[in-house]
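Each value in this text was obtained by applying a stated rule to the coordinates, not by laboratory testing. All figures in this text were calculated on a predicted structure; none of them were measured in a lab. Reconstructed Cβ throughout: ideal geometry from the backbone, glycine too, with neighbour counts over all protein chains shown.
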Amino acid sequence: MKIEFLDEEREARYDDFLLRSNVTLLYASNKYRRLLKEFLGAQDYYFLAMNNNNEIIGALPAFLKRNKHIGNVMNTLPFFGSNGGIIEHKGSYEVKKRLLEEFYFFANKNDCIATTIISSPFEADIEFYEKETNYTYKDQRIGQLTKLPSEGSSVADILMKKFDGARRRNIRKAIKNGITVSDTLSNATLDFLVSTHTENIQAINGTSKPRRFFELIPQFFNYGPDYKIFTAFKDGKAVAALLLFYFNKTVEYFTPVVVKRYKTYQPLSLIIFQAMQDAAQRGVEWWNWGGTWVTQEGVYRFKKRWGTEDKPYFYYTRVWDEKIMDCTKEQLLEEYPHFYVLPFANLKSENRR
């Protein structure tokens with residue numbers, strides 16, 4: 001077994017390798033890698049385990065963020081909710097360990113001050129990470145996923161039975177109030193999604209996804225097969241939208257938006273219901289709501305009412321140089337945008353507040 005980096009010659013084989021399992025996610029894909037590379041301006045290093053026949057038997061996707069002032073940082077993977085982790089289909093401890101060792105060797109050689117591996121919500125062997133990552137800090141998210149029914153005429157009925165009573169009432173309320181849903185892409189729908197997303201996130205003092213990220217999506221993904229934007233209308237006016245990505249057997253609930261004054265009409269509930277039916281009809285098995293912080297009780301309840309299953313995943317951070325602990329949260333956010341460095345609560349500056 002040898003470890004090589006993903007290059008152009010291996011891209012097709014890498015794509016084939018990912019699809020040997022039903023639970024590999026969008027974030028490991030070549031298309032998402034290219035998007036992140038263009039958007040982040042960081043370097044991708046996708047570690048591949050190769051057997052004696054030059055076949056890919058394991059992978060660990062990663063990005064390196066260089067910084068001359070403080071030091072370099074590696075993530076598997078960066079950007080909002082991008083699950084990384086080791087991809088290995090046959091449960092080989094040896095393959096996973098070799099990939100992890102090469103990752104840490106490379107990080108040390110490239111003067112990294114912190115590295116973070118983010119496991120997948122589908123990870124079946126979390127004990128491997130607990131034992132082998134030698135982490136300094138561990139952070140947790142609750143992955144919430146809805147199992148979609150098999151395609152067929154009864155998809156809508158099966159989904160309705162999964163949802164709790166409040167969700168069923170919300171869907172019926174949206175229909176009663178004349179909400180309609182379309183998944184047609186246009187400049188107007190993309191602009192509505194981005195501007196409303198920014199307004200929604202600013203209203204809660206959060207960090208929104210930059211406009212440039214959304215504008216890059218059509219350069220790397222095909223509308224329909226790879227992603228869709230579902231838009232809800234009230235009297236011909238756009239009032240809510242949802243960006244979804246499709247990969248393998250999972251659809252990613254990526255960016256939901258709703259105009260505040262129209263929330264009472266429940267347009268997003270109808271979008272989700274129709275988008276779930278659409279995904280099931282195309283053979284998708286899982287609707288991935290993304291990660292929820294343990295402290296986000298309201299967000300957790302919202303997703304739970306859509307018939308979700310809990311699948312926790314973890315951030316395993318190793319600090320290589322303690323000088324990173326002298327940085328402030330503001331410094332790290334500025335120097336390493338869209339990269340996870342470490343839990344801010346452990347910084348010296350945070351402990352003095």
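Rg/Rh for the range 149-284 (Cα atoms only, Rh after Kirkwood) is 0.96. A simple packing score, the average count of other Cβ atoms within 10 Å per residue, orders the peptides 188-197, 246-255 as 246-255, 188-197, with the highest score first. Once the Cβ-Cβ distance of I175 and L333 is raised to the sixth power relative to R0 = 45 Å, the FRET efficiency obtained is 0.60. Across the range 149-284, Cα pairs under 8 Å and at least six residues apart give a relative contact order of 32 percent. Could you give the angle, 0 to 90 degrees to the nearest 10, between helix 187-203's Cα long axis and the longest principal axis of the Cα atoms of the chain? Between helix and principal axis, roughly 70 degrees. Against the main long axis of the alpha-carbon atoms of the chain, helix 267-281 sits at an angle near 70°. Rg and Dmax of the range 205-299, both derived from C-alpha coordinates alone, stand at 14.2, 39 Å. To the nearest ten degrees, helix 30-40 and the longest principal axis of the Cα atoms of the chain are 80 degrees apart.
Take every Cα pair under 8 Å in the chain that's 6+ residues apart, average their separations, divide by the length, and report that relative contact order as a whole percent. With pairs under 8 Å counted, the relative contact order is 23 percent. Tell me, what is a quarter of the convex hull surface for the C-alpha atoms of the range 10-160, in nm² with one decimal? Average projection, Cα convex hull of the range 10-160: 11.4 nm².
Sorted on the mean count of surrounding Cβ atoms within 10 Å across their residues, most packed first, peptides 136-142, 98-104 read 98-104, 136-142.
By the count of other C-beta atoms within 10 Å, a proxy for reagent exposure, S119, S182 are ordered fewest to most as S182, S119.
Packing, taken as the mean count of other beta carbons within 10 Å per residue, orders the peptides 35-45, 324-334 from highest to lowest as 35-45, 324-334. In the Gaussian network model of the chain, springs joining C-alpha atoms below 10 Å, which of N67, N205, N288 carries the largest mean-square fluctuation? Its mean-square fluctuation being the largest, the pick is N205.
Put simply, the convex hull of the Cα atoms in the chain casts, on average, a shadow of 18.3 nm². Of K68/K109; K176/K234; K138/K209; K303/K329, which pairs sit farther than 19 Å apart, going by alpha carbon to alpha carbon? From the list (K68/K109; K176/K234; K138/K209; K303/K329), the Cα-Cα distance tops 19 Å for K138/K209; K303/K329. Of interest is the spacing of the C-alpha centroids, which for the range 1-27 and the range 284-306 amounts to 28 Å.
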